[in-house]
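To start, the structure itself, in structure tokens.
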Amino acid sequence: MSTALITSGSRGIGLALVRQLLARPVTKYPLILVTSRTAGGDELEPVVAANATRVKRLVLPDVGNVEQVKAMVSHLKTLAPKGVNILINNAARVGPPARLPSLSGTIELREQLNTNAFGPALVVSTLWSSNLLRAPPNAPPKGINFPPPNVSPHGHSGPREEWGYEFEQARAPTSAPHYEPTGDIPNVPIVVNLWSTQGSLKWTGELWEGGSTRDDLIFHPVYAASKAALSGVSMQLAREMRVSHEVYGRRLGGC
């Protein structure tokens, strides 16, 4: 049984994620917490009304506002005193397709970085420091198994960048190899930061070299920069959350 928190779940992808979790057995996701900018009058309202014991709303106008996030977490503690096991950082700001290095684009960059990169880190750290971001209660005792550096999950050796084709073309074997980590990887909460391919440095490089009419249609420079920042934040959070768990001997989940 896991408690989930989805930021900005009043419409779009966030609301779709709420409905996806609701479609799962109540024994698996008994409590789904959802943040929204307002207290009602949106697409989430009928969902909460129809699932009052399972879906709870938390008002969070600005995911990048420190005091507002603290207030949200304080309210969350009353609804879920045992904490959150799955955090989905869905809140994002797209804004106008402003360009860099224009002044308007740079100002917009500050706003998007606040929501798209700082916001997810703020929610994670506020929950974490309050001991409310905890490993799922049914997590395996040894944590997650990762393959050796140059071995794919299918058992093939070679550079990791070559695995993409393998994953797309090959069917997984009936009995995949089981790899033990070099050291015990502690149980940690599940944190999902919704990303975008616009944050891909590789894709940015391709557009830089080629350039086409599609660039202005699907590539927003400021948004892309903010999502690239989110990629870096996500990687460092993943590393540090495991390290601090191990160094300080902190057992999440109150164990």
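Somewhere in the range 194-216, is a residue at pLDDT below 65, in contact with a His (Cβ under 7 Å, 6 or more places away or on another chain) and under 21 Å from Ala121 (Cα atoms)?
Within the range 194-216, not a single residue is at pLDDT below 65, in contact with a His (Cβ under 7 Å, 6 or more places away or on another chain) and under 21 Å from Ala121 (Cα atoms).
Trp128 fails exactly one of the following numbered conditions: (1) under 25 Å from Leu33 (Cα atoms); (2) aromatic (Phe, Trp, Tyr); (3) at pLDDT below 75. What is the number of that condition?
(3)
Inspect all residues belonging to the range 73-90 and state whether any of them is under 25 Å from Leu230 (Cβ atoms) and loosely packed, with under 14 Cβ neighbours inside 10 Å.
no
Within the range 35-50, does at least one residue satisfy the condition of being closer than 26 Å to Ala121 by Cβ, among the hydroxyl-bearing types (Ser, Thr, Tyr), surrounded by 14 or more Cβ atoms within 10 Å (Cβ to Cβ) and in contact with an Asp or Glu (Cβ under 6 Å, 6 or more places away or on another chain)?
No: zero hits.
On the given criteria, is Val26 closer than 20 Å to Leu132 by Cα and at pLDDT 95 or above?
Working: closer than 20 Å to Leu132 by Cα: no; at pLDDT 95 or above: yes.
Answer is no for this residue.
The values are calculated or read from the model by the stated rules, or taken from the named source; none is laboratory data. It should be emphasised that the depicted structure is a prediction, and the values quoted were computed from it without experimental measurement. Every residue, glycine among them, receives a Cβ derived from its backbone with ideal geometry; neighbour counts consider all protein chains shown.
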